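Novice: Below you will find the structure I want to go over with you.
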Amino acid sequence: MTIKVGDKIPSATLMEMQDGKPTPVSTDSFFGGKKVALFALPGAFTPTCSAKHVPGFVQHYDEFVKKGVQLIACLSVNDAFVMGAWGKEHKAEGKVTMLADGSGDFARAIGLELDLTKNGMGKRSQRYSMVVDDGVVKALNVEKPGQFEVSSAEAMVKAL
């Protein structure tokens, strides 16, 4: 079953690089009491994700803040080391929190897992974006496979 608008984000543990080491991040504390723009993608350092998705959120950071977003987060089924390095490459620090869903547990829990085994990438996350306010999904934009339209930073800013 796929998460939908009005649902609470499930309790899970993600990872983030902090002070040079992978650090657990509870979804309850990360999403609780604040407005978060979350976007997820199939993989760090992949073409669309690197060329369009992450750069758009870094570039439009100030617009998100003006619209009341307190945190922007990027989520991928990669490890925290990869997500940390990818964030540095895109100068995301202080703008986009790079979260790792290493085993895809969160992607499965919200029903947005994507099987890319035939492409040699294993089980990943679908490409999507959502607005979460105090742990509750207020908007959800799931891309059709191979598409990049509804989950972009530009689309989210317009919808806020």
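The numbers here are math on the coordinates, done by the rules we state, and not lab data. Owing to the predicted nature of the structure, the values given are computational and were not obtained by experimental measurement. Glycine gets a Cβ as well: all are built from the backbone with ideal geometry, and neighbour counts include every protein chain shown.
Novice: Dipole magnitude of the stretch 63-121 about its Cα centre, charges +1 at Lys/Arg Cβ and -1 at Asp/Glu Cβ only, in debye to the nearest 20?
Specialist: Computed about the Cα centre, the dipole is about 280 debye.
Novice: Have a look at Pro22, Pro145, Pro42 and tell me which one the Gaussian network model of the chain (Cα, springs below 10 Å) gives the largest fluctuation.
Specialist: Pro145
Novice: Given the stretch 55-155, what count of lysine pairs have C-alpha atoms under 20 Å apart, with each pair 8 or more places apart or on different chains?
Specialist: Going through the stretch 55-155 pair by pair, I get 6.
Novice: Starting from the Cα-Cα distance between Ala109 and Met121, subtract it from 0.36 nm times their residue separation and give me the gain in nm to one decimal.
Specialist: Contour length minus Cα-Cα distance gives 2.4 nm.
Novice: Relative contact order (percent) for the stretch 13-159, with alpha-carbon contacts under 8 angstrom and 6 or more residues of separation?
Specialist: Reported relative contact order: 29 percent.
Novice: Further question: When the chain is fully extended, how far beyond the present Cα-Cα distance does Glu149 get from Thr48, taking 0.36 nm per residue of separation?
Specialist: 35.2 nm
Novice: Net charge near Ile110: determine it from the other residues with C-beta under 15 Å of the C-beta of Ile110, scoring Lys and Arg +1 and Asp and Glu -1.
Specialist: Net charge around Ile110: +1.
Novice: With point charges of +1 on the Cβ of Lys and Arg and -1 on the Cβ of Asp and Glu, referenced to the Cα centre of the chain, which listed residue (Phe31, Ala92, Asn141) lies farthest in the positive direction of the dipole?
Specialist: Of the listed residues, the answer is Asn141.
Novice: Looking at the chain, identify the longest residue range that excludes and avoids all GluC sites (Glu not before Pro) in DSSP loops having at most 16 other Cβ atoms within 10 Å.
Specialist: Longest site-free region, per DSSP loop and neighbour criteria: 1-92.
Novice: To the nearest 20 debye, what is the magnitude of the charge dipole of the chain about its Cα centre, counting +1 on the Cβ of each Lys and Arg and -1 on the Cβ of each Asp and Glu?
Specialist: Roughly 280 debye for the chain.
Novice: Nearest 0.05, what FRET efficiency do Glu63 and Ala139 give at R0 = 22 Å with Cβ-Cβ as r?
Specialist: Step by step, r from the Cβ atoms, then E = 0.90.
Novice: Mind telling me which of Gly120, Gly111, Gly43 comes out most flexible in a GNM of the chain, alpha-carbon contacts under 10 Å?
Specialist: With Cα springs under 10 Å in the chain, the top fluctuation among Gly120, Gly111, Gly43 is at Gly120.
Novice: Which one, Met121, Met83, Met15, has the greatest fluctuation when you compute a Gaussian network model over the chain with C-alpha springs under 10 angstrom?
Specialist: Greatest mean-square fluctuation among the candidates belongs to Met121.
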